[in-house]
Amino acid sequence: MNKKTFLVTGAAGFIGSHLAKRLIKEDHRVIGVDNINDYYNPKLKKDRIKHLGNDKFTFIKTDLENQDTINNVFDEYQPEIVVNLAAQAGVRYSLENPHAYINSNVVGFINILEACRHHNVEHLIYASSSSVYGANTSKPFSTSDNIDHPLSLYAATKKSNELMAHTYSHLYDLPTTGLRFFTVYGPWGRPDMALFLFTKAIINDEAIDVFNHGNMMRDFTYIDDIIESITRLTKRPAQPNPDWSGVNPDPGSSYAPYKVYNIGNNNPVKLMDFIEAIENKLGKKAEKNYLPLQAGDVPETYANVEDLYRDIEFQPQTSIQDGINNFIDWYLEYYGVIL
Ligand SMILES: NC(=O)c1ccc[n+]([C@@H]2O[C@H](COP(=O)([O-])OP(=O)(O)OC[C@H]3O[C@@H](n4cnc5c(N)ncnc54)[C@H](O)[C@@H]3O)[C@@H](O)[C@H]2O)c1
């Protein structure tokens, strides 16, 4: 692939920083945008950016909500491919602070769409989420399923992104690809997510909160598999689907250059097995505090990845024990913990 200029939003975030690193390694020019908010410790975000340090990387601290600065970034750097990963993430926090989700995920996203429209961007890739499947129980979750029953405002903003993207693919022929990530984990991971919380608590001899009394399954997806998938998709702008029909509309594709993919491991793991894998690596048992299902959460996620495999000849494959071992090795080193 020719060397391109990429704009990666959320570049100080977990997934964005890994993606920026990979694109830099492939010799692309990478412009990273992030507001470094304090949803979790900003030091981790700053350290991720430091870790990227490279003359092919330019970091701009700004907010997606600020339409003028976003337009200035597009004017100045003329990105050819945009990967929008900035968002207010987290299901549970959307019950506490719903406005943060509308501001970053909806207002922020329209600013990205408008900037792409006015700057002839070749391809917009953006993060959606497995949470859009909401109340659906038919497994594995397929992009051909209807997703009209979200269980949290977070999920509703992600589905909104897919709808907004479709209108821009239709009206302005902007190729858009939405990625429904399934519980991503790995080194430099998010402090609000289970793997980080459990690891920290077990190391500190504190009890871990086990929701739905442990009866949860997640299609945990290792970060390197996510990055490999995104990188392959950057070379494949969304195409119109010639078989698409308005009589029986496939929700995952369109007559317009619009596509959504699941990116998941296609191998759900029981929460208790996930905890056991952490215990194995740490050589220590967790004290467990069993609790009911939290509002907004879904008990099980499971990705159908047939479309992904068909289009990029790759699907996530890292085993849970390998992925957890890599995360814990990183955690111990980053926080200077000696077991
Ligand atoms: N990690 C997962 O398991 C997972 C699962 C499904 C979907 N996603 C989605 O993937 C994307 C990346 O997630 P992540 O895990 O790296 O989260 P993250 O919180 O680590 O990264 C998001 C980054 O976006 C930045 N940001 C938030 N609002 C912003 C705004 N208004 N302007 C500029 N920057 C802003 C944050 O400071 C943060 O650094 C998000 O869209 C998230 O919703 C993640």
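Could you tally the net charge around Lys56, taking each other residue with its Cβ under 10 Å from the Cβ of Lys56, Lys/Arg +1 and Asp/Glu -1?
0
Per the 1.4 Å probe, what fraction of the accessible area of the chain, in percent, lies on carbon and sulfur atoms?
Result for the chain: 47 percent of the exposed heavy-atom area is carbon or sulfur.
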- Karplus-derived HN-Hα couplings along the range 260-265 (A = 6.51, B = -1.76, C = 1.60, θ = phi - 60°), whole Hz, x at Gly and Pro: 10, 10, 7, 10, x, 7
- Item | Selection from Phe74, Asn120, Thr137, by position along the positive dipole direction of the range 71-138 (Cβ) | Thr137
- The simple spin-label model distance between Asn146 and Asn248, using points 7 Å out along Cα→Cβ, in nm, is 1.5
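Share of antiparallel DSSP beta bridges in the chain, in percent to the nearest 5? It would help to have the intermediate numbers written out before the result.
On the way: 2 of 39 bridges.
Expressed as a percentage, antiparallel bridges in the chain total about 5.
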- Query: How much accessible area per residue does the range 186-257 have, in Å², with a 1.4 Å probe?
  - Reply: 43
- Note on the structure: At 37 °C in a medium of viscosity 0.692 mPa s, the range 1-116 has a Stokes-Einstein diffusion coefficient, with Rh taken as the Kirkwood radius over alpha carbon pairs, in µm² per second, of 229
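For the chain, with only Lys/Arg (+1) and Asp/Glu (-1) charged at the beta-carbon, what is the dipole magnitude about the Cα centre, in debye rounded to 20?
480
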- Message: As a test of the formula, what do you get for the chain when each DSSP H run with n ≥ 4 contributes -39,500 (n - 2.57) and the sum is divided by the residue count, at 222 nm and rounded to the nearest 500 deg cm²/dmol?
- Response: -11500 deg cm²/dmol
- Mind listing the phi-derived Karplus ³J(HN,Hα) values for the range 305-310, rounded to whole Hz, using 6.51, -1.76 and 1.60 with θ = phi - 60°, and x for any glycine or proline? 10, 4, 4, 4, 5, 4
- Task: Name all residues of the range 106-149 having a backbone nitrogen under 17 Å from the label point set 7 Å from the Cα of Leu293 along its Cα→Cβ direction, giving them as ranges.
- Result: 130-141, 148-149
- Item | Simple Cβ-charge dipole of the range 1-66, Lys/Arg +1 and Asp/Glu -1, about Cα centre, in debye nearest 20 | 300
- Which of the GluC sites (Glu not before Pro) found in the range 260-307 are in a DSSP loop and have at most 12 neighbouring Cβ atoms, other than their own, within 10 Å? Glu287
- Counting only heavy atoms of protein chains, what accessible area per residue, in Å², does the range 1-107 have with a probe of 1.4 Å? 45
- Measure off 7 Å from each Cα along the Cα-to-Cβ vector at Lys284 and Asn215, then give the distance between these two points in nanometres to one decimal. 3.1
- Message: In the range 211-279, if the dipole is taken from +1 on Lys/Arg beta carbons and -1 on Asp/Glu beta carbons about the Cα centre, which of Thr221, Pro237, Asn266 is farthest to the positive end?
- Response: Pro237
- Message: As a test of understanding, state the convex hull volume per residue of the chain from its alpha carbons, in Å³.
- Response: 125
- Query: Taking a ≥ b ≥ c as the square roots of the eigenvalues of the Cα gyration tensor of the range 68-147, is the shape rounded (a/c under 1.5), prolate (a/b larger than b/c) or oblate?
  - Reply: oblate
- Could you give the size of the charge dipole of the range 276-334 about its Cα centre, using +1 on the Cβ of each K and R and -1 on the Cβ of each D and E, expressed in debye and rounded to the nearest 20? 360
- Of Tyr331, Asn304, Pro316, which is farthest along the charge dipole of the range 298-339 in the positive direction, counting Lys and Arg as +1 and Asp and Glu as -1 at C-beta? Tyr331
- Query: Karplus couplings for the range 325-338 from phi (6.51 cos²θ - 1.76 cosθ + 1.60, θ = phi - 60°), rounded to Hz, Gly and Pro as x?
  - Reply: 4, 5, 4, 5, 4, 5, 4, 4, 6, 4, 8, x, 8, 10
- Query: For Asp75 and Met193, FRET efficiency with R0 = 22 Å and r from the beta-carbon atoms, rounded to 0.05?
  - Reply: 0.05
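For the range 1-60, just say rounded, prolate or oblate: build the C-alpha gyration tensor, square-root its eigenvalues into a ≥ b ≥ c, call rounded for a/c under 1.5, and beyond that prolate if a/b exceeds b/c, oblate if not.
Prolate shape, in that a/c is at least 1.5 and a/b is the bigger ratio.
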- Query: Using the C-alpha gyration tensor of the range 170-297, what are the square roots of 5 times its eigenvalues, in whole angstrom, with the largest one first?
  - Reply: 38, 17, 11
- So what is the relative contact order for the range 176-277, in percent, with contacts set as C-alpha pairs under 8 Å and at least six apart? 42
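Please give the contour-minus-distance gain from Asn37 to Gln317: 0.36 nm per residue of separation, less the Cα-Cα distance, rounded to one decimal in nm.
Gain on stretching Asn37 to Gln317: 97.6 nm.
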- Message: Quick check: Cα centre of the range 35-112 to Cα centre of the range 279-335, how many Å?
- Response: 25
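The values are calculated or read from the model by the stated rules, or taken from the named source; none is laboratory data. Just so it is clear, the structure is predicted and the values come from calculations on it, not from any experiment. We place every Cβ from the backbone using ideal geometry, glycine too, and count neighbours over all the protein chains shown. In case anyone asks, the SASA skips ligands and DNA or RNA and just uses the protein heavy atoms, side chains included. Shrake-Rupley method; radii C 1.70, N 1.55, O 1.52, S 1.80 Å.
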